[in-house]
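Asker: Here it is, the structure in full.
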């Protein structure tokens, strides 16, 4: 998953990706990774564990999960971004 997020961060430089290590004491390993998606300071989605991405964890499958509720990936090129998002 980390490799997929690193790849997406390089593809979408205008989108902020943040990694937090050991934030919640005794957080269950089965809930890792936990992805919280924000857009304009509002939570748009929460994805807990790898089940939300499926068995094949690719940058494309992670991008689809991240954009389920609203397109949040932005490459910084406003004129090429569509309402459906750009993958």
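The values are calculated or read from the model by the stated rules, or taken from the named source; none is laboratory data. Bear in mind the structure is a predicted one, so any value in this text is a computation, not a measurement. Counting neighbours? That spans all protein chains shown, and the Cβs are built from the backbone with ideal geometry, glycine included.
Asker: When only residues in region 41-66 that are part of a loop (DSSP other than H, G, I, E, B) and either at pLDDT below 85 or farther than 25 Å from residue 30 by Cβ (or both) count, which is nearest to the chain's Cα centre (by Cα)?
Answerer: Among them, the one singled out is 53.
Asker: Now, a different point. When you scan region 1-35, how many residues do you find that are in contact with a strand residue (DSSP E or B) (Cβ under 6 Å, 6 or more places away or on another chain) and closer than 13 Å to residue 63 by Cα?
Answerer: Count: 1.
Asker: Across region 24-40, what is the number of residues that are at pLDDT below 85 and in a helix (DSSP H, G or I)?
Answerer: Count: 0.
Asker: All but one of (1) in contact with a helix residue (DSSP H, G or I) (Cβ under 7 Å, 6 or more places away or on another chain); (2) in contact (Cβ under 8 Å) with a residue 24 or more places away in the chain hold for residue 39; state the number of the condition that does not hold.
Answerer: The failed condition is (1).
Asker: All but one of (1) closer than 17 Å to residue 1 by Cα; (2) surrounded by 11 or more Cβ atoms within 10 Å (Cβ to Cβ) hold for residue 29, so report the exception by its number.
Answerer: Looking at each condition in turn, residue 29 falls short on (2).
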